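K.L.:
Before anything else, here's the structure in question.
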Amino acid sequence: MITLSSDFGSPYPGAMKGVLSQWTDSQLVDVSHDLPRQDLRQSAFWLRETLPYFPPAVHLVVVDPGVGTDRDAIVIRAGGHALVGPDNGVLLPTARALGGKGFELFRIETREEPSEGTNRTDWPPRLASSTFHGRDVFAPAAGRVHEIGIDSLDDDEGLHRLDDYESLRFPEAVVGESAATGTVLAVDDFGNTITNVPGSFVTESFGGAVVVNGETVPLARSYAAVDPRELLVTVGSHGNVELAVNQGRGDDGFGLTAGDDIHLELV
Amino acid sequence: MITLSSDFGSPYPGAMKGVLSQWTDSQLVDVSHDLPRQDLRQSAFWLRETLPYFPPAVHLVVVDPGVGTDRDAIVIRAGGHALVGPDNGVLLPTARALGGKGFELFRIETREEPSEGTNRTDWPPRLASSTFHGRDVFAPAAGRVHEIGIDSLDDDEGLHRLDDYESLRFPEAVVGESAATGTVLAVDDFGNTITNVPGSFVTESFGGAVVVNGETVPLARSYAAVDPRELLVTVGSHGNVELAVNQGRGDDGFGLTAGDDIHLELV
Amino acid sequence: MITLSSDFGSPYPGAMKGVLSQWTDSQLVDVSHDLPRQDLRQSAFWLRETLPYFPPAVHLVVVDPGVGTDRDAIVIRAGGHALVGPDNGVLLPTARALGGKGFELFRIETREEPSEGTNRTDWPPRLASSTFHGRDVFAPAAGRVHEIGIDSLDDDEGLHRLDDYESLRFPEAVVGESAATGTVLAVDDFGNTITNVPGSFVTESFGGAVVVNGETVPLARSYAAVDPRELLVTVGSHGNVELAVNQGRGDDGFGLTAGDDIHLELV
């Protein structure tokens with residue numbers, strides 16, 4: 001199985017699937033092609049919350065604002081999985097979630113001479129374009145890694161151990177007994193506003209209330225525990241404090257977006 | 001084969017696919033993740049118009065505004081298919097379409113102790129979150145049903161026969177010889193406005209006209225039978241009267257949305 | 001493998017996948033269901049830039065503003081691939097890319113008597129609706145072609161050689177030594193504005209500048225070679241001159257949309 005994640009929308013994922021199918025007839029599984037566009041931190045968050053639910057697989061990930069620059073193309077081996085994508089940090093939180101500290105990185109060698117036509121089975125990959133490495137570099141690399149198996153990465157002529165890489169870490173919340181200060185990590189499609197405050201800060205207080213940036217809001221286990229269109233604070237599926245509106249958008253209700261600061265006080 | 005339908009947009013379907021892949025390497029087929037959000041009636045309509053085209057399969061469906069409340073999680077066995085989702089009526093029209101009156105319901109048992117990490121192969125499923133039962137309950141249940149086969153549901157320790165469930169029925173139109181009164185059931189992505197008036201009300205009159213809420217509109221077999229941007233009334237692929245605009249949006253052209261009343265008079 | 005491409009958005013592709021699954025349990029691969037709606041030229045462009053990356057496969061394509069009129073339903077055999085869709089030109093650029101001049105067309109016979117219920121395995125296909133031939137004609141035809149194999153098309157009772165068909169050609173740019181006049185062929189999801197001017201017009205001048213419709217813009221190999229929000233001209237992954245904004249939308253930055261004229265002068 002090879003999974004695909006990108007911020008491409010439509011139709012570029014199709015060409016990547018074509019290239020992957022040049023390498024394998026294994027199942028191709030779309031994770032998302034609507035990752036927050038060119039937003040490495042939010043995309044990294046969603047990848048970390050999603051890819052670890054798969055059994056060991058090759059995961060192709062392309063969120064790549066630096067395409068065509070000298071940023072490396074990489075493969076990360078972590079916990080039996082392989083992550084293939086750009087060296088811009090977007091893969092790192094997932095690598096840590098999958099492998100703890102035990103992950104290893106490989107640089108993907110590329111060749112300057114362009115490919116002939118639509119063939120993408122040459123290895124190491126050729127730089128056919130400077131704008132679509134998902135098709136020209138990452139999809140061939142995912143196909144190659146799937147073909148040889150993740151235990152053979154060290155022996156591959158196109159892969160080279162890499163020690164120096166771009167990291168990406170989520171900011172940590174400051175959590176006290178009755179107050180916490182943190183950040184909005186991501187906003188989901190429903191408008192649920194996901195903070196970096198651990199859910200444990202509020203779980204003992206369900207049924208009570210919490211003051212969010214000055215406004216007192218009920219603390220509830222589920223969205224539907226408050227009336228439709230009402231604000232609530234809950235613990236989301238990622239285990240963090242989430243600001244929501246039942247059957248509405250939490251980001252609009254709280255006036256917050258990714259990157260904003262939040263201050264919580266238990267009542 | 002397991003199909004997936006939800007109102008999740010992106011990226012939550014990815015985690016469900018990961019969990020399903022913990023249970024099976026069978027093909028995962030996306031039906032839609034853009035069902036009308038938290039709109040049980042429109043979603044139920046689209047599911048009924050779509051899932052019966054599949055050969056017998058397990059269908060995972062998550063449109064679930066009541067997630068985390070005490071609504072049941074259910075499996076419905078109907079016509080060789082299994083439908084897995086929340087007990088809020090969204091599955092019922094499809095169950096009737098697949099099985100006539102011959103469908104059977106099972107309640108999915110859940111356990112309060114949360115899962116460890118990302119493993120979702122425990123059965124009965126554990127309530128790891130109160131906000132994402134697609135990942136924590138329904139995907140494991142779909143995996144389980146796929147694994148044991150739909151003839152074995154009665155013997156499963158985590159499934160229990162259920163007689164009392166939420167129903168959902170579409171309103172019926174009142175149809176006379178030359179006039180019909182009904183409702184807009186759904187609006188599709190193109191803006192085609194789908195009513196509950198049976199197509200048989202108009203099929204004899206193609207080439208003529210019909211008065212829709214006071215406006216006279218040509219009655220045509222295909223969108224392109226009228227000029228671009230012109231209103232028309234036709235019979236859609238679901239067999240019902242549909243209000244449309246050739247190469248445009250019928251909902252805008254007629255000023256209608258799901259749930260609105262319509263009155264039709266043959267000219 | 002059967003690939004699916006359409007301008008359907010959601011949820012109509014689901015019914016097509018159901019019908020395809022009545023014919024085969026082969027892998028179904030979504031290419032895109034967000035092709036530019038009812039826009040044959042832009043859709044034809046994206047199909048040509050995408051489908052040739054697949055190994056030989058059956059490609060179901062539905063962009064069909066003339067559904068229900070007397071336009072033919074066709075299969076094109078080209079370079080080992082089969083393209084199945086409407087005879088409106090949308091498949092032609094892909095057919096030429098796959099097969100050079102060596103492609104062959106077949107008309108799909110249809111029967112007026114409608115199908116019974118949701119069964120779509122009758123062949124030749126029955127016209128169950130006049131609004132959704134993706135489900136009623138093209139998906140059964142793709143299933144049939146996949147089943148019999150592309151070498152057997154001549155022997156099939158439901159397929160008939162066709163010599164007369166709708167063509168579609170992209171306009172050609174007029175390219176001189178230091179100036180070129182062309183057209184915007186397509187705008188991608190990022191806003192990158194793709195012209196019909198061959199990339200070779202600018203590749204020797206990377207690092208320099210080009211005047212686009214009167215405005216002087218840097219000529220760069222990659223988006224990130226200029227500052228965020230800055231205009232640039234580059235060569236896109238299709239090999240053509242592309243007008244872009246680093247981490248922004250080129251169509252907005254240049255005030256252009258598909259079909260607009262462009263004039264380029266090297267500085």
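K.L.:
Select from region A:67-126 the residues that are touching a Ser or Thr at 6+ places or on another chain (Cβ under 7 Å) and among the β-branched types (Val, Ile, Thr) and list them in ascending order. Working first, answer last.
P.N.:
So in region A:67-126, the residues touching a Ser or Thr at 6+ places or on another chain (Cβ under 7 Å) come out as A:67-69, A:73, A:83, A:89-90, A:92, A:122, A:124-126.
Listed by number, the residues that qualify are A:Val67, A:Thr69, A:Val90.
K.L.:
Related question: Check off (1) in contact with an Asp or Glu (Cβ under 9 Å, 6 or more places away or on another chain); (2) within 13 Å of chain C (Cβ to nearest Cβ); (3) part of a strand (DSSP E or B) for B:His238 and give me the number that stays unchecked.
P.N.:
That leaves (3) as the condition not met.
K.L.:
Further question on the same structure: Residue check: is B:Ser26 outside the structural domain of B:Ser237 (by TED's automatic domain parsing) and surrounded by 19 or more Cβ atoms within 10 Å (Cβ to Cβ)? Steps first, answer last, please.
P.N.:
Details: outside the structural domain of B:Ser237 (by TED's automatic domain parsing): yes; surrounded by 19 or more Cβ atoms within 10 Å (Cβ to Cβ): no.
So B:Ser26 fails the test.
K.L.:
Something else now. Quick check: is even one residue across region B:40-54 free of Cβ contacts under 8 Å to residues at least 40 places away in the same chain, assigned by TED's automatic domain parsing to the domain that holds B:Leu127, surrounded by fewer than 24 Cβ atoms within 10 Å (Cβ to Cβ) and of a type in the set (D, E, K, R)? Walk me through how you get there before you give the answer.
P.N.:
Kept after step one, since they are free of Cβ contacts under 8 Å to residues at least 40 places away in the same chain, are these residues of region B:40-54: B:53.
Applying the additional criterion that residues be assigned by TED's automatic domain parsing to the domain that holds B:Leu127 yields B:53.
Filter once more, so that each one left must be surrounded by fewer than 24 Cβ atoms within 10 Å (Cβ to Cβ): B:53.
Subsequent filtering for residues that are of a type in the set (D, E, K, R) retains none.
Looking through region B:40-54, none of the residues is free of Cβ contacts under 8 Å to residues at least 40 places away in the same chain, assigned by TED's automatic domain parsing to the domain that holds B:Leu127, surrounded by fewer than 24 Cβ atoms within 10 Å (Cβ to Cβ) and of a type in the set (D, E, K, R).
K.L.:
If you don't mind, there's one more thing I want to ask. Within region C:31-59, how many residues turn out to be closer than 11 Å to C:Ser6 by Cβ and either among the basic types (Lys, Arg) or at the interface with chain A (Cβ under 7 Å from one of its Cβ atoms) (or both)?
P.N.:
Matching residues across region C:31-59 total 5.
K.L.:
Here is a check on your reading of the model: is C:Arg161 without any contact (Cβ under 8 Å) to a residue 60 or more places away in the chain, touching a helix residue (DSSP H, G or I) at 6+ places or on another chain (Cβ under 8 Å) and among the basic types (Lys, Arg)?
P.N.:
Against the criterion (without any contact (Cβ under 8 Å) to a residue 60 or more places away in the chain, touching a helix residue (DSSP H, G or I) at 6+ places or on another chain (Cβ under 8 Å) and among the basic types (Lys, Arg)), C:Arg161 qualifies.
K.L.:
Would region A:5-18 turn up any residue that is buried (at least 23 other Cβ atoms within 10 Å of the Cβ) and either more than 14 Å from chain C (Cβ to nearest Cβ) or at pLDDT below 95 (or both)?
P.N.:
Yes: one or more hits.
K.L.:
I'd like to verify a number: residues in region B:31-72 that are modelled with pLDDT under 95 and touching a Lys or Arg at 6+ places or on another chain (Cβ under 8 Å), how many?
P.N.:
Residues meeting the conditions: 1.
K.L.:
Here is a list of conditions, (1) within 14 Å of chain C (Cβ to nearest Cβ); (2) touching a residue at least 40 places away in the same chain (Cβ under 8 Å), and A:Pro65 meets all of them except one; can you say which number that is?
P.N.:
Only one criterion is unmet by A:Pro65, namely (2).
K.L.:
With the structure loaded, tell me whether B:Val137 is under 22 Å from A:Thr203 (Cα atoms), within 14 Å of chain A (Cβ to nearest Cβ), among the hydrophobic types (A, V, I, L, M, F, W, C) and not in a loop (DSSP other than H, G, I, E, B) or whether it fails that test.
P.N.:
Against the criterion (under 22 Å from A:Thr203 (Cα atoms), within 14 Å of chain A (Cβ to nearest Cβ), among the hydrophobic types (A, V, I, L, M, F, W, C) and not in a loop (DSSP other than H, G, I, E, B)), B:Val137 qualifies.
K.L.:
State whether one or more residues within region C:157-167 are touching a His at 6+ places or on another chain (Cβ under 6 Å) and under 30 Å from C:Gly199 (Cβ atoms).
P.N.:
Looking through region C:157-167, none of the residues is touching a His at 6+ places or on another chain (Cβ under 6 Å) and under 30 Å from C:Gly199 (Cβ atoms).
K.L.:
In the list B:Pro228, B:Pro171, which residue meets the criterion of being out of contact with any Phe, Trp or Tyr (no Cβ under 8 Å at 6 or more places or on another chain), more than 14 Å from chain C (Cβ to nearest Cβ) and assigned to a loop (DSSP other than H, G, I, E, B)?
P.N.:
On the way: B:Pro228 fails: more than 14 Å from chain C (Cβ to nearest Cβ).
Answer to the check: B:Pro171.
K.L.:
Right, something else. Checking the structure you have, find out if any residue of region C:29-39 is in contact with a Phe, Trp or Tyr (Cβ under 9 Å, 6 or more places away or on another chain), more than 21 Å from C:Glu166 (Cβ to Cβ), without any contact (Cβ under 8 Å) to a residue 12 or more places away in the chain and crowded, with 23+ Cβ neighbours inside 10 Å.
P.N.:
No.
K.L.:
Tell me which of these C:Val67 doesn't satisfy, since it passes every other one: (1) out of contact with any strand residue (DSSP E or B) (no Cβ under 7 Å at 6 or more places or on another chain); (2) surrounded by fewer than 22 Cβ atoms within 10 Å (Cβ to Cβ); (3) among the β-branched types (Val, Ile, Thr).
P.N.:
Only one criterion in (1) out of contact with any strand residue (DSSP E or B) (no Cβ under 7 Å at 6 or more places or on another chain); (2) surrounded by fewer than 22 Cβ atoms within 10 Å (Cβ to Cβ); (3) among the β-branched types (Val, Ile, Thr) is unmet by C:Val67, namely (2).
K.L.:
Turning to a different aspect of this structure: Look through region C:19-29, keep the residues that are within 7 Å of another protein chain (Cβ to nearest Cβ) and touching a strand residue (DSSP E or B) at 6+ places or on another chain (Cβ under 8 Å), and return whichever of them is farthest from C:Trp123 (Cα to Cα).
P.N.:
C:Val29
K.L.:
Is there a residue being within 14 Å of chain B (Cβ to nearest Cβ) and either without any contact (Cβ under 8 Å) to a residue 60 or more places away in the chain or surrounded by 22 or more Cβ atoms within 10 Å (Cβ to Cβ) (or both) anywhere in region C:99-112?
P.N.:
yes
K.L.:
In region B:174-196, how many are in contact with a Pro (Cβ under 9 Å, 6 or more places away or on another chain), surrounded by fewer than 20 Cβ atoms within 10 Å (Cβ to Cβ) and either assigned to a loop (DSSP other than H, G, I, E, B) or among the basic types (Lys, Arg) (or both)?
P.N.:
1
K.L.:
Against the conditions (1) more than 17 Å from C:Phe45 (Cα to Cα); (2) touching a helix residue (DSSP H, G or I) at 6+ places or on another chain (Cβ under 9 Å); (3) surrounded by 17 or more Cβ atoms within 10 Å (Cβ to Cβ), where does C:Gly250 fall short? Just the number, please.
P.N.:
Tallying (1) more than 17 Å from C:Phe45 (Cα to Cα); (2) touching a helix residue (DSSP H, G or I) at 6+ places or on another chain (Cβ under 9 Å); (3) surrounded by 17 or more Cβ atoms within 10 Å (Cβ to Cβ), C:Gly250 fails exactly one: (2).
K.L.:
Something else: Look at region B:151-173 and say how many of its residues are surrounded by fewer than 17 Cβ atoms within 10 Å (Cβ to Cβ) and more than 30 Å from B:Thr110 (Cα to Cα).
P.N.:
Qualifying residue count, region B:151-173: 3.
The values are calculated or read from the model by the stated rules, or taken from the named source; none is laboratory data. Since we're looking at a predicted model, the values are computed, not measured. Virtual Cβ from ideal backbone geometry, glycine too; neighbours counted across all protein chains shown.
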